[in-house]
Structure formats: structure tokens, C-alpha cells
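A.B. asks: Mind looking over this structure? Questions follow.
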Amino acid sequence: MLKIVFLLFLGLNAFGKCEKKETLKNYNESLSVLNEREADLKSILAGNTTNISSSLSNVFGESVDESSMDTLLKKLEDQRITKSIVPVELSGLYSCLLELNLDKEERILYHSFERILDLKFLLLTKNKELGNAIKEGIITQESLPELKHQLIEENLESLKLKKEIETTVAKAEKNVLAEKSRDVKELLGLKGNLAKLKIEIINKSIEYNNNLEGNIKRFEQTSKQLSVISSSFSTMTLESKEKAFEEVDVIWSDIIRNNFLKIISAENDFDIPSVVALPAKVLENRNSDVVSEIITLHEQLKEYRLKITKDVSEKKSNELKIQNSLLIQVNAIRSKIYSELSAGYVLSKFVTPAFWSSLRKEFVASPYRVVSFFFEKYLYVREKVNLGSPGIKILVTDIMTIAFLIGVLFFINFCFLQVFKFLNDIVTKLARANRSSALVNVLVSYWFKLKDNLTTISWLLIICLIKPMENFVDVLFIVEIIEIILVSKLIKAVVEIFLGNISRIDSRNFIQFKEKSHKTTQGIVKIFLFYFISMILVEGTLGRVYVYSLINIIALVSALYLLVVESTVWEEDFLSYLEKNFSGMIVDYVEKFSAIIPKKIRAVYFLFFLILLGVFNLFIKLTENFEVSKKISANLFKKQIENIEIEEDLAEIPNSYRDLFSLNSSDSTADYVMSTSGIEDQIIKQVQEWVEDHRDEHSAILFGDKGVGKTTLIHYIENTLKADAGEIETIYLKVPSKTTSVEGIKEFLRPHCDTKGDENNIGEEIDQQKTKKVIFLDEAQNVFLSCSGGFDSYYYLVDLVNSSNDIFWILSFNKYSWIYLDRAFGRNQFFRNIYELKGWSDSKIKELIMKRHQSSKFRLSYDSLISATRSEDEVDKYASIESKFFKLLWEVSSGNPRASLHLWLSSLSLKKGRLLNVNIPKIIETKGIEKSSDELLFVLSHILKHENLNIPELQNTTNIPIGLVRNAVKVCLERNYLFRDKNGRFMIDITTQYNLIKYLRSRNFIYGN
């Protein structure tokens, strides 16, 4: 810590002055400290953890907790990647080196930072792999020098005291021989015996000190041996690892046999000679000088014995801590090597006596963690008892504290119960008052599933909060066992809820269900408790070696056996739940393949699909607002209903209903569905700002696929502008097909501009009106043809738009027409405000259709679809099926509203009266297009690019012979790729539009997403 403060001082000092002489002085001193730190890191990595000058915070960071190791490693990795490697305490010095252009020193210092960071990262990674063993070893090593010095001092002091007492005893014995009075002789003999007793106690103290010194030496030797093995582990061959494992296994056996068991089982733990009470005869003559000396000596001896007893207890604890640290190291290394041994080597060990000997030793040592814990408590209690009355008082205080803490726990539990009871009353009242609310019903349902386990959950949260606290380190394994027991209760509750959900429970079979579920959950809980409690006992003492592997195998086999046995009990319930809640098609496949599954594991097979489909359904529900999930859901639903049999005697839907779903653009604001992107408001705002002279730009482009709603959007904006600002004149114009000459576009615009000037100067005349107006130019793709001389009208229109400052132009283009013009001429050269209308969401498609449907007096029936999915759930019958249907409609129409309306009408048939039956939308496939000629695809791409063309225009734009053009158009009409309007113009059919676009894009006939 002093070195960090020193470096920080140097860094800040350099940063404040940046004088060359002072900076170089600070540089040399800092570099010396950094070199020392680097040497320490290398020494630790090489296995030498003694004589480390750096503190733990320098080596492992400020937080040396095992749980924070990942965070620290990530921080170091980020520093390595970003090259942010200059320590904060030396940032000032480094800045001064840069400022003073001391390039050589700057490079040396920077490379030193790099090396230290790399070494620290390597050390922390290794420490993590070894379960924090390196850090624990260093912590213990740091405490050893002081402890050894203390033992030496105590022994010297004890030997000196012993020599003085021996001299005193020798003189006292001479005095006894010289004394003639029998009574005085007895008193002097008693005094000598007390002195001899003190010598015995001193001898015991020296003996314990020597034992502890021996353990420290063994710890240092073994720790060094383990460090050497761990430091060379990464470079070991497989054969070397096998030898290293055998060496570490011997070390582990020695630690367990010669250290732990000896410390715990030895009866010399408290065989310190007792100090008996003085005879009553002696105490009667308190006025005698000899008796007074004896009483004083007796009291001093009792106090000395208590002191030695306390010291012995502390030394026993120190021994346990040293052995714990050593055991952590050896277990980590033993487990690490074992995990990387070949399977052949491990299997070969099973047939050797050494394996069975090690396994027996592991079983014997497995309870050590518990025994060690209680032994420490035994030492504590024994120490306090030996202290007499003061110690008894401490024990009573401890017992009262424990009793108080237990009382607090019971009180907290009582508070939990009262709070949850209060909440339950509120939920019950809420449920009664809002029986018709779906949201409340869902919340109440979850509450009743969770309420019995809320106390358990609350205690688990408390345990999660207290586990990291240092106060609970000594009893951590008990806290962990309590945590596992609480988790097992939650697992039991979850399994019971799961079994309750898949079973049809009523008053007749409720008791039978409880018995079955109790048996199943008990089996699961027993395996869970066996496994995790065993892991707690095993990992700390044995590491992940033989017993650990054996427990894993036993737990796995038991779990698989229980899974097979208990699943068989619930097989009918699994199959019934599958049929009830999932697609009939999927269930049919599951049942079909179950025929080849062995009968004994068939129930497990059903359970697997039940969980798999349940997780998939949950995923779809959680991500239902994402397009990917919607597409998956739509295609699954399509698979479910693709084999539905439509009743042949159903009548066609009435024309009155068809008229509501006209494919023509709507100019009704009531039927309008607002876009999710808010394009309408953006354009209206731009027009209003232009009217108020807050904006100079006076044009906007709308583009999108045919049928996506461009014309309807234009009508909505026009109607809104008329309603909100009546003084703005609006004109809606639809460009005829194909107006590609300048004279044609002038002639088209003149009647709507109310001018009386020279027909060749229409742009100037429009601009001279000085009356602001908005002109909507729909289907503006009709002003060009992609052939020689086909862009004159487009050029003229662009010039007109940019020169008429008193007109706000809103033009709509077909998507692929606009992409073509944009690539050819560039959008920003003429227009700034460009808006693309994309496909609608499924909710908007549903809103569009239901708005029109609700204006009719017809009702809808989804019975055919429900029957096809074999859904039995009441909620699934209506809300879910309807939702899935509109997702399917959205998917097959690619969100195109006009295509959606067409598909909606194709899915309906009149069932009876005013009841419409909803069936599968009639989807026109484009199979066979991959076999089409390039001429046919070229014709399709040009029609798509212009939206509509006749035969001569097709011939001009494609430069394909007229005969091939006519043949291609004929084939496309036969396949429903195209339709012909009353003027003989050809357009892509709305029902096949997106499939054609997808294929043409894949063949690079068109571009753009």
C-alpha cells in the first residue's frame, strides 16, 4: 500500500510541475518499483510465493474476492484491447514524459506497464482455474512469518521462565530439607509442587508451539511443491500430467491422514495439567507469610493456565486454518489435473488397488468440512469452559445471542406470513370486484400459483444478500445447505404446478392427483438434495475427483431412472395435453414417430416434445411483436390448416359485402388506418411550415409497392389539409399512362392551373399566381419510359417542381420506378423529402379489414380453422386463432393492404344467414417461374419498373422482338403473373407481386429492398 501511495505521489507531483530533472527522478524511482512488482508476479507464476514484496491488492487488485475474479479479468482484458494500460497513479508522470518528449523513457515505462498487465492477467486466469488457490496460499504465507516469530519469542520466554522456576524449585527443596517444622515443610513442599506444575504447563506450551512450527514447515514445503507443479502444468504432456496427478494424490492423502485426522482426533488438545484447589488447612492460616505466598502463587498459576489454554486454542485454530489453506490448494490442483487426464488412464485406475484406496480415503475424509466446523466450535467452547466464570459468562452471552437471532428469524417469517396474507386478501377482493377483467384474472391466476411459495422466495433473496457478507464466512456451508433446502421446496412447487397444468383435475380425481404428484416430486427433491448437499461436503474437502465423479454418475443414473419411471405414470396426461394445446398436425407427427420408440421410454419422448413445444410457444408469445416470430407463427399456422377440407355447399359471399372491400384506393377518412411511421403527420407539418414561410423546400416524394396505400395516403393528407387550413388550395391529379412527352404533360397540367398565358411558359404562369397551393401528383411513374426520348416529360416535371415556389408538390411513384430514377439521376439533385411506404404490420392489416367488416351486419366463424388445429382451449378458439389467421394474411401478402383485402375475400364463404366462414386464403403460387426464359423475366422486370406498359412500350423499353414480347405476355397472363386493364395495359397481378419480386431480385433483374 505504501508503494501505491508513493507512486501516486510521484505521478501527481510530476503532473503538477513537468520539470525535466524532477520528472526523470520520479521516472527512475517509479521504474524501480514497477520492476519489483514485475519480479513478484514472475516469482508467483513460477511457483515461489515466499518473500513477495507486493501486497495482495497489487497482485490481485483491490478486490481479492473469488466472486469478483471474472469482473477483474474482464477489466484487464478490456485494458489490453483498448491499450488503456497506464495506471492512474502514474498517469501524471507518463503525461510529463510525453510533454517533455522523453521518448526513450516513455517507451520503457509503457512496455513495463504492458508486461505487468499481461503477467497479472495470466496470474489471475491461473488463479481462477485453480479455484482461488494461489490467492489463498499467499494470504496464508503472509501470516506465517509473524506467526513463526511469535512462536520463537514465546518459546524463548517460556524457556527463560522455566529456568528461573527450576532454580527457585532447587532452592526451595534445600529449604525444605533444612526446615525442622513439619507444618512449614508441608507448606514449602506445596509451594514447590505449584512451581513444578507451572513447569509442566510451560512444557505443554512449548510442545504445542513446536507442533505448530512443524506444521508451518510442512505447509511451506508442501505449498512450494504444489506451486512448482501448478506453475509447470500448462506445459505438461499427458504423461507428465498423469505422474503429477499421482504425486498430488500422495500429497492429498498425507494431508488428510497425517494432518487433519491427527489434529482432530488427538487427545492432547487440552491435556494441560489442572490447578487443584488449595487444601482448607492451608487456607486457615492466611496470616502466615508462606501461606500468603502460596495463595498468590496459586492465583498466578490459575491465570497462567488460562492464558496457556487460550493460546493453545488459538494455535489449534491456526493449525486448522493452515491445513484448510493447504487443502484448498491441493484440491484445486488435484481437480484441475484430474479433469484433463485421458479417459483411458482414469478407467485403468479403476482396476488398481490405489484407486480403491484413494476412494476409501475420500469417503472417510468427505465429512471433514462438517467435522472441522464443529471441532472449531468445540475448541471455542472448551476454551471458555477452561476460563471458568468469565468464560461461562461469554458462553451464556453467545447462547442468548443465538437465541435472539433465532427469535428474529421467526419474527421475520411471521412478518412475511402476515404481509402475504394481507396481499392475498387484497387480491381476493380485486378478483371479486373485477371478474370480467382479463388482465385481473391473469394476475390473480399467477398470484394463487405463487402465493404458497412467496415466503420461500423471500428467504432465498435474504440468503443471496447475506452470503457475500464476511460475518457469514464461518457458517457459509450451513447457509448453502439451507439455500439448497429452500430451492428444493421451490422445485417441488414448480413440478406440482407443471403436473397440475398438464392434468385434468376435478373433484373426482383430485386426491389421486395429489398422491401421484407427491410421489413424483418427492423423488425429484431427494435426488436434488442428495446431489447438491453432497457437492457442498465433497468439493471443499476432496475436490472434483473420484467421489465427485461417482456422485455425478449416481445422480445422473438416478435422475434418468426416476424420469423414465415417473414419466410412465403421467404418459396419458402428457399425450392428452399435447393433443389439447398443440397443432393437430404436429401431434400427429409426434404420435406417428412414437410407434418406433420403445414402450418404456415413450412417456419421456412425449414429455420431451411437450417441453420443446411449450418453450417454442413461449418464445413466440414473448417475441410476437418481432417480424421473425410472426413469420414463424404464420408459416406454422399455414402448415396446420393446409389440409383443411372446405365444405362444397357453401355459397359465395354477397356483393354488398364485397363492395366494402373494394381494391380501389379509398378517399374516406373514416376508413383510413394511420401508419406506424407517422408519415402523414410529417408531410402535413412540412406543408404547414411552408405555408407559414418557415420552410423553403416545397416538394415531397412518396414511393412504395403497388397496393401499399400511396393513393389512400395522399387522399388522407389532402382531406386533412382542407379541414385544418381551408385557405390552402389542394389539387389531386392522377398522371395518365404514359405521359412521356413535354407537350403531353403540359396539356395534362394546364386545365388544373387556371392560367391564361402562353402555353409554352406554363411554369412561369403558375409561379405568377402568387397563391399558395398543394398539388398531389399521383402515379408520377407514368411520366417516363426507360428508352431513348422517354425522359423528356420527367425532366420537364422536375424543372417545373423546382421552379414553382408557390406550389407544394407531393408526387407518388411506384417503388421500382423511383429506385430506377434515383439510381439514374440521384434523388438529392431534385428532391429532399423522400418517404418510402413499406408493408403494414399484422395489427394494421387486421385494423383495416375489421374496420370495413364492422360496417357490415355479418358475423365471422373460425370453426373450420379451429377444427383443423384441433384446439380445445376456449381462449385459443377465438382470440388465438383470429390472431394467427391475420398473421398468416400479413405474411402471404407481405403486409400489402390491397393484397390483404383480396386474400381476405378469397378466404370467405357464406355459411348461413349472415354468418361468414373464414377458411384458408387462396394463395396463388409462382411455381415454374424458375424455368422461365430470360425474355419473359425481362418483360416482367420492365413492367414492374414502369408499373404498367402496353405491347409497343414493352418492345421499346426491352428492345426484344415484338413476337417474343407477345409470347412472354401471353404466358404471364396464363400463369396469373399479369393482368390487363380495359385500356390494354399490362400490370403485375397483386396476388403474385411479391413472389415475382423476390425471384426477379434473386436473378438480379431488379434491384432494391
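The values are calculated or read from the model by the stated rules, or taken from the named source; none is laboratory data. Owing to the predicted nature of the structure, the values given are computational and were not obtained by experimental measurement. For neighbour counting, all protein chains shown are included, and Cβ atoms are generated from backbone atoms with ideal geometry for every residue, glycine included. What goes into the accessible areas is simple: the full protein's heavy atoms, side chains included, and nothing from ligands, DNA or RNA. Shrake-Rupley method; radii C 1.70, N 1.55, O 1.52, S 1.80 Å.
A.B. asks: How many percent of all Cα-Cα pairs in region 372-494 sit more than 18 Å apart?
C.D. replies: Considering region 372-494, 69 percent of its Cα-Cα pairs are separated by more than 18 Å.
A.B. asks: Okay, next question. Counting only heavy atoms of protein chains, what accessible area per residue, in Å², does region 438-549 have with a probe of 1.4 Å?
C.D. replies: Each residue of region 438-549 exposes 58 Å² on average to a 1.4 Å probe.
A.B. asks: List the trypsin sites (Lys or Arg not before Pro) in region 491-547 that DSSP assigns to loop (not H, G, I, E or B) and whose Cβ has at most 14 other Cβ atoms within 10 Å. Which are they?
C.D. replies: ARG504, ARG508
A.B. asks: Using +1 at the Cβ of each Lys and Arg and -1 at the Cβ of each Asp and Glu in region 469-564, identify which of ILE554, PHE513, LEU499 lies farthest towards the dipole's positive end.
C.D. replies: PHE513
A.B. asks: Then there's this: With a 1.4 Å probe and all protein chains left in place, how much accessible area per residue does region 887-928 have, in Å²?
C.D. replies: Ligands and nucleic acids excluded, the figure is 35 Å² per residue.
A.B. asks: At 1.306 mPa s and 10 °C, plugging the Kirkwood radius over alpha-carbon pairs of region 929-1003 into Stokes-Einstein gives what diffusion coefficient in µm²/s?
C.D. replies: 132
A.B. asks: How much net charge surrounds VAL184 when only the other residues with a Cβ under 11 Å from the Cβ of VAL184 are counted, with Lys and Arg +1 and Asp and Glu -1?
C.D. replies: 0
A.B. asks: Using packing as a proxy for protection, rank 556-563, 333-340 so that the peptide with the highest average count of other Cβ atoms within 10 Å comes first.
C.D. replies: 333-340, 556-563
A.B. asks: Rank by packing, highest mean first: peptides 673-685, 733-745, with packing defined as the count of other Cβ atoms within 10 Å averaged across residues.
C.D. replies: 733-745, 673-685
A.B. asks: Considering only protein heavy atoms and a 1.4 Å probe, what is the carbon-and-sulfur percentage of the accessible area of region 498-623?
C.D. replies: Here it works out to 68 percent.
A.B. asks: Could you pull out every one of the lysines with an alpha carbon less than 20 Å from that of LYS307, ignoring same-chain neighbours closer than 8 positions?
C.D. replies: List returned: LYS148, LYS160, LYS162, LYS163, LYS196, LYS198, LYS204, LYS315, LYS316, LYS377, LYS384, LYS393.
A.B. asks: Want the number for ILE684 to LEU156: 0.36 nm per residue separation, take away the alpha-carbon distance, what's left?
C.D. replies: Using 0.36 nm per residue and subtracting the Cα-Cα distance, I get 180.3 nm.
A.B. asks: Roll a 1.4 angstrom probe over the protein heavy atoms and tell me the percent of accessible area of region 929-1003 that is carbon or sulfur.
C.D. replies: Carbon and sulfur: 47 percent of the exposed surface of region 929-1003.
A.B. asks: Please give the peptides 298-310, 186-198, 320-332 ranked by average Cβ packing (other Cβ atoms within 10 Å per residue), highest first, as a rough proxy for protection.
C.D. replies: 320-332, 186-198, 298-310
A.B. asks: What pairs in LYS489/LYS580; LYS884/LYS911; LYS128/LYS492; LYS638/LYS851; LYS519/LYS631; LYS171/LYS321 have C-alpha atoms more than 32 Å from each other?
C.D. replies: The answer is LYS128/LYS492; LYS519/LYS631; LYS171/LYS321.
A.B. asks: Ok, one more. Under 5 Å between amide hydrogens, which residues at least 5 positions from SER699 or on another chain qualify, with H placed 1.01 Å from N in the peptide plane?
C.D. replies: Correct list: TRP809.
A.B. asks: Restrict the search to region 873-947; then list the GluC sites (Glu not before Pro) that DSSP places in a loop and that have at most 14 other Cβ atoms within 10 Å of their Cβ.
C.D. replies: GLU925
A.B. asks: Pulled fully out, how much extra length does the chain show between THR771 and ASP118, if you take 0.36 nm times their separation in residues and subtract their Cα-Cα distance?
C.D. replies: The span from THR771 to ASP118 would gain 227.6 nm if fully extended.
A.B. asks: Now for a different question. What spacing in nm lies between the two simple spin-label points modelled at SER288 and GLU303, each 7 Å away from Cα in the Cβ direction?
C.D. replies: With each label placed 7 Å out from Cα toward Cβ, I get 2.4 nm.
A.B. asks: Could you work out how much longer the chain between TRP356 and GLU579 gets when fully extended? Use 0.36 nm per residue separation minus the Cα distance between them, nm to one decimal.
C.D. replies: My answer for the length gained is 75.1 nm.
A.B. asks: Right, another one. Quickly work out the SER389-to-ARG695 label distance, labels modelled 7 Å from Cα along the C-beta direction, and quote it in nm with one decimal.
C.D. replies: Label at ARG695, label at SER389, 9.6 nm between them.
A.B. asks: Would you work out what percent of the accessible area of region 136-386, with all protein chains in place, is carbon or sulfur (probe 1.4 Å)?
C.D. replies: 56
A.B. asks: What is the distance, in nm, between label points placed 7 Å from the Cα along the Cα-to-Cβ direction at ALA277 and at ASP659?
C.D. replies: Spacing of the two 7 Å Cα→Cβ label points: 12.0 nm.
A.B. asks: With an 8 Å Cα cut-off and a minimum separation of 6 or more residues, compute the relative contact order for region 957-1009 in percent.
C.D. replies: With pairs under 8 Å counted, the relative contact order is 18 percent.
A.B. asks: Output wanted: per-residue J couplings in Hz (rounded whole) for region 417-428, from phi through Karplus 6.51 cos²θ - 1.76 cosθ + 1.60, θ = phi - 60°, x for Gly and Pro.
C.D. replies: In residue order, the calculated couplings are 4, 5, 5, 5, 5, 4, 5, 5, 5, 5, 4, 4 Hz.
A.B. asks: Across region 396-481, how many lysine pairs, 8 or more positions apart or on different chains, have C-alpha atoms separated by under 24 Å? Please give the number.
C.D. replies: 5
A.B. asks: Run the reach check for LYS349 against lysines, Cα to Cα strictly under 22 Å, same-chain hits fewer than 8 apart removed. What comes back?
C.D. replies: LYS241, LYS243, LYS336, LYS361
A.B. asks: Using θ = phi - 60° and the Karplus relation 6.51 cos²θ - 1.76 cosθ + 1.60, list the HN-Hα couplings for region 898-912 in order, rounded to whole Hz, with x at every Gly or Pro.
C.D. replies: So the J values, rounded to whole Hz, are 5, 5, 5, 4, 4, 5, 4, 5, 5, 8, 9, 8, 7, 8, 6.
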